[in-house]
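Reading through the structure tokens given below for one structure.
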Amino acid sequence: AKGYPPREPRELPPTPSAMLHAGSRRGPVRAALAMCVGSSALGSGALNERSVETAHSFTGRMCAASRLEETRRPDSLFSDPLAYTLAGKEGRAQPMGGWIMVPRTRFGDDFLRDHYTRGARQLVLLGAGFDARAFRMSGLPELRVYEVDQKTTFEVKEPLLTGGPHSQVMR
């Protein structure tokens with residue numbers, strides 16, 4: 001394009017999808033499952049932790065683990081008290097990467113707050129994964145959050161949120 005200096009070609013890092021396929025002839029779901037940790041007890045009398053069944057759900061757990069890392073920083077840009085639980089053992093073992101998750105999460109939070117002040121009262125999260133925005137953001141009392149995702153994701157996520165300040169309207 002005119003006015004732009006030519007750029008040197010560079011090799012981009014592999015995408016998460018490419019990493020899931022690497023070395024596997026079984027496809028992304030089985031490759032992701034091969035990386036997952038088996039279920040374990042969360043504590044005395046606690047819910048047994050379930051492993052996710054799809055690569056998409058595994059990515060959601062990895063994202064939660066990155067939110068956990070940011071939450072633990074003394075200068076964190078946001079706080080997610082549910083991140084540890086939502087990430088699970090398998091997500092905590094392989095966080096997505098703060099370089100993408102931290103700015104993306106903060107941008108989404110700021111965008112939501114800005115539009116809430118302008119009258120928006122509904123948030124629809126397509127491919128919600130293990131997002132906790134509906135539970136961790138305060139000061140939005142009239143906001144209705146709708147999470148849309150695979151049934152297998154909700155089968156793991158919803159039991160982790162039992163007893164929390166939420167209501168399930170429709171599944």
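With an a/c value of 1.5 or above and a/b not larger than b/c for the gyration tensor axes a ≥ b ≥ c computed over the alpha-carbon atoms, segment 52-171 is described as oblate.
Scoring 67-75, 87-95 by mean Cβ neighbours within 10 Å over their residues and listing the highest first yields 87-95, 67-75. Taking GluC sites (Glu not before Pro) across segment 111-167, the ones in a DSSP loop with at most 10 further Cβ atoms lying within 10 angstrom of their Cβ are E142.
Split the accessible area of segment 81-171 by element, probe 1.4 Å, and carbon with sulfur accounts for 56%. When all protein chains stay in place and ligands, DNA and RNA are ignored, the 1.4 Å accessible-area order of V52, V148, largest first, is V148, V52. Close amide-amide hydrogen proximity is noted between V52 and no other residue 5 or more places distant or on a separate chain, at a cut-off under 5 Å (H modeled in the peptide plane; Pro and chain starts excluded). On a per residue basis, segment 50-95 carries 43 Å² of accessible surface, using protein heavy atoms and a 1.4 Å probe. Spin-label model, V148 to R113: label points 7 Å out along the Cα-to-beta-carbon direction sit 2.7 nm apart. In this structure the amide hydrogen of L125, modeled in the peptide plane, comes within under 5 Å of the amide hydrogens of Y146, E147, V148, none closer than 5 places in sequence on its chain.
Between F135 and W99, the modelled labels are 3.0 nm apart [label points 7 Å from Cα along Cα→Cβ].
Between E155 and A120, the simple spin-label model (points 7 angstrom out along Cα→Cβ) gives 3.2 nm.
The values are calculated or read from the model by the stated rules, or taken from the named source; none is laboratory data. If you're wondering where the values come from, they're calculated on a predicted model, not measured in any experiment. Every residue, glycine as well, gets a Cβ built from its backbone with ideal geometry; the counts of neighbours run over all protein chains shown. Accessible surface is based on the protein model in full, side chains and every heavy atom, while ligands, DNA and RNA are left aside. Shrake-Rupley method; radii C 1.70, N 1.55, O 1.52, S 1.80 Å.
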